[in-house]
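Have a look at this one before I ask anything.
Every number here is computed from the coordinates shown, using simple stated rules; none is lab data. Just so it is clear, the structure is predicted and the values come from calculations on it, not from any experiment. Quick reminder, even Gly has a Cβ in these numbers, built from the backbone with ideal geometry, and neighbours come from all protein chains shown.
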Amino acid sequence: MKHACKLDYPVDMSFLTEARITPLRDYARLQRYSKGLPGDYEKLFEIGWCAKNKTVSNEDLFIDQLPSELLRRERPYVLYLELPAVDTANPVLPAHRDYGKKTSINIYLEASGEVTTFYHWNREKQQSEFEEEFCAATNEIWMMDTDTPHSVTLKQNQARRLFSFCFAKLRYNEVLECFKTK
Ligand SMILES: [Fe+2]
């Protein structure tokens, strides 16, 4: 895959039980990348569905577990992301590029077979074209290129939660390098 890979890297998540998880911001804006792609967007907006970004009070305990070479290049910030359950037939986190991060390392705390799809933005046609997709299981760790348009096909009535190390500057390949040389 070009834009995501599963990481075989242990992170002790036990500190999460002592963490204060605080709402930071909700996100529910449609970007151009979702134009023409499937999903019950109208229903989602009607009910005020949004992605919830939260902070984690003891994030340093997690960040310090990452490879030192990676931390030397950029110290990431942490977000606890929640996609609330929704009772609609085709819920989807619409195709988007993330604001404020180029790359993320996600630890999936609660997953139910959701599929993340990457797209190539065709400037001439002004539409997203399928590139590749992956499906992360609970407790898996995946690195992904959040600067490339991506959507997440959700499961009806299933919430999704993940813990995310976010890199504002380092690109996907640069983060990946730090794991290869470890
Ligand atoms: Fe994203």
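Using a Cα-Cα cut-off of under 24 Å, which lysines could be cross-linked to Lys169, ignoring same-chain neighbours fewer than 8 residues away?
In chain and number order, the partners are Lys2, Lys6, Lys52, Lys54, Lys101, Lys102, Lys180, Lys182.
Follow-up question, since we're still on this one. Please report how far the C-alpha centroid of region 137-168 lies from that of region 90-122, rounded to the nearest whole angstrom.
5 Å
Is the C-alpha gyration tensor of region 1-41 telling us rounded, prolate or oblate? Criteria: a/c under 1.5 is rounded; beyond that, a/b larger than b/c is prolate, otherwise oblate. Show your work: numbers first, answer last.
On the way: a/c = 3.80, a/b = 1.46, b/c = 2.61.
It is oblate, given that a/c is not under 1.5 and a/b is not larger than b/c.
Now a separate question. Which residue fluctuates the most in the chain, going by a Gaussian network model with Cα springs under 10 Å, if the choices are Thr153, Thr88, Thr116?
Sorting by GNM fluctuation, first place goes to Thr88.
Could you sort the peptides 42-51, 123-132 by per-residue average Cβ neighbour count (10 Å cutoff), highest mean leading?
Highest-to-lowest ranking by the protection proxy: 42-51, 123-132.
Find how much the distance from Lys43 to Arg29 grows on full extension, using 0.36 nm per residue of separation minus their present alpha carbon separation; answer in nm with one decimal.
Net length gain for the segment: 3.6 nm.
Here's another thing I want to ask about it. Once phi is turned into θ = phi - 60°, what whole-Hz ³J(HN,Hα) does the Karplus curve with 6.51, -1.76 and 1.60 give for every residue of region 142-152, x standing for Gly and Pro?
Per-residue couplings from phi come out as 10, 9, 9, 7, 8, 8, 9, x, 8, 10, 10 Hz.
Provide, as a two-decimal number, the C-alpha radius of gyration of the chain over 2.2 N^0.38 Å, N being how many residues it has.
Values: Rg = 16.1 Å, N = 182, 2.2 N^0.38 = 15.9 Å.
Taking N as the residue count of the chain, the ratio is 1.01.
Same structure again: If each residue of separation counts as 0.36 nm, what is the full-extension length gain between Glu74 and Glu177 once their alpha-carbon separation is subtracted? Provide the component values of the computation, followed by the final result.
Working: separation 103, 0.36 × 103 = 37.08 nm, distance 1.30 nm.
Stretched fully, the Glu74-Glu177 segment lengthens by 35.8 nm.
Now for a separate question. Most mobile of Asp147, Asp12, Asp40 per a Gaussian network model of the chain (Cα springs, under 10 Å)?
Asp12
Going by the alpha-carbon gyration tensor, a ≥ b ≥ c the square roots of its eigenvalues, is region 1-107 rounded (a/c under 1.5) or, if a/c is not under 1.5, prolate (a/b greater than b/c) versus oblate?
Prolate, since a/c reaches 1.5 and a/b exceeds b/c.
Per the helix-only calculation at 222 nm, which mean residue ellipticity applies to the chain, given -39500 (n - 2.57) for every DSSP H run of n ≥ 4 and division by its residues, nearest 500 deg cm²/dmol?
-3500 deg cm²/dmol
In square nanometres, what is one fourth of the surface area of the convex hull spanned by the alpha carbons of region 68-154?
7.1 nm²
Follow-up question, since we're still on this one. Taking H placed 1.01 Å from N in the peptide plane, check which residues at least 5 places from Ala136 or on another chain put their amide H under 5 Å from its amide H.
Excluding prolines and chain starts, which carry no amide H, the hits are Thr116.
Do any chymotrypsin sites (Phe, Trp or Tyr not before Pro) in region 60-107 lie in a DSSP loop with no more than 11 other beta carbon atoms within 10 Å, and if so, which?
Listed in order of number, the matching sites are Tyr99.
Among Arg20, Arg160, Arg171, determine the one that fluctuates most according to a GNM of the chain built with springs between C-alpha atoms less than 10 Å apart.
Arg20
Which whole-Hz ³J(HN,Hα) couplings does region 120-133 yield from phi under the Karplus relation 6.51 cos²θ - 1.76 cosθ + 1.60, θ = phi - 60°, glycine and proline marked x?
9, 7, 7, 5, 4, 7, 6, 8, 7, 10, 4, 10, 6, 8
Please give the length that would be gained between Glu124 and Ala137 if that part of the chain were fully extended, namely 0.36 nm times their separation in residues minus their C-alpha to C-alpha distance (nm, one decimal). Numbers along the way, then the final one.
Working: separation 13, 0.36 × 13 = 4.68 nm, distance 3.59 nm.
Separation in residues times 0.36 nm, less the Cα-Cα distance, equals 1.1 nm.
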